[in-house]
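As structure tokens, the structure follows; a few thoughts come after it.
What follows is calculated from the coordinates using simple rules that are stated; it is not laboratory data. Values in this document were obtained by computation on a predicted structure and should not be read as measured data. Glycine also receives a Cβ, built like all others from the backbone with ideal geometry; neighbour counts cover every protein chain displayed.
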Amino acid sequence: MAKVGIIMGSTSDLPIMQEAIDFLEGLLIEVEVDIVSAHRTPDKLMEYGKNAHARGLQVIIAGAGGAAHLPGMIASLSPLPVIGVPVKSRNSIDGWDSILSILQMPAGVPVATVALDGAKNAGILAAQILGASNAEIQQQVLDYKASLKEKVIQGAKEVRK
């Protein structure tokens, strides 16, 4: 089945990135999870970015805090779609450093960027990308969106009681 690479700059990002992992695994989409630091393991970053597609990955989700160079560097090396998750870390400037580092990419190096700590949305977006060419995954995304609608309808009924 489809494969999504989920990488992060350090283990401290895992509690946030777990939301993407959980969502994709809930759809039975195979994920590969790793720690790849743009600043502390640059050789690993280069190998990962250059070879992810050859290993069968179809989308990469990259989460990072602080200077957050990981998503952009991976996008510069890989032909795959990259979804960046800015993570509010303990050394962060309220998350703005991460947001701007991921969001403000130069022309030719796109990174789809979700909200601060928005890993679940990154997982959903990865499933939508895969679903564009996989009817089974697309149906799972449609079912998920229908469940969101149903939650709102149920919530409205409870409020009106």
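Cβ-Cβ distance of Arg55 and Thr11, R₀ of 25 Å, FRET efficiency by 1/(1 + (r/R0)^6): the value works out to about 0.65.
What is the angle, in °, between the Cα long axis of helix 119-131 and the longest principal axis of the Cα atoms in the chain? Nearest 10 is fine, range 0 to 90. With both axes taken from Cα atoms, the answer is about 80 degrees.
By the Cα gyration tensor, the stretch 3-160 has an equivalent ellipsoid whose semi-axes, rounded to whole angstrom, run 27, 20, 13 from largest to smallest. Taking θ as phi - 60° and the Karplus parameters 6.51, -1.76 and 1.60, the scalar couplings of the stretch 41-52 work out to 9, x, 5, 5, 4, 4, 5, 4, x, 6, 10, 4 Hz in sequence order, x denoting glycine and proline.
Put a dot 7 Å past the Cα of Ile93, heading toward its Cβ, do the same for Lys145, and the two dots end up 3.7 nm apart.
When only Cα pairs below 8 angstrom with a gap of at least 6 residues are kept, the chain shows a relative contact order of 22 percent. A cut-off under 15 angstrom between Cβ atoms defines the neighbours of Gln58, and their net charge, with Lys, Arg +1 and Asp, Glu -1, is -1. Taking 20 Å as the limit for the C-alpha separation, the pairs Lys50/Lys120; Lys44/Lys88; Lys88/Lys149; Lys3/Lys50 exceed it in the case of Lys50/Lys120; Lys44/Lys88; Lys88/Lys149.
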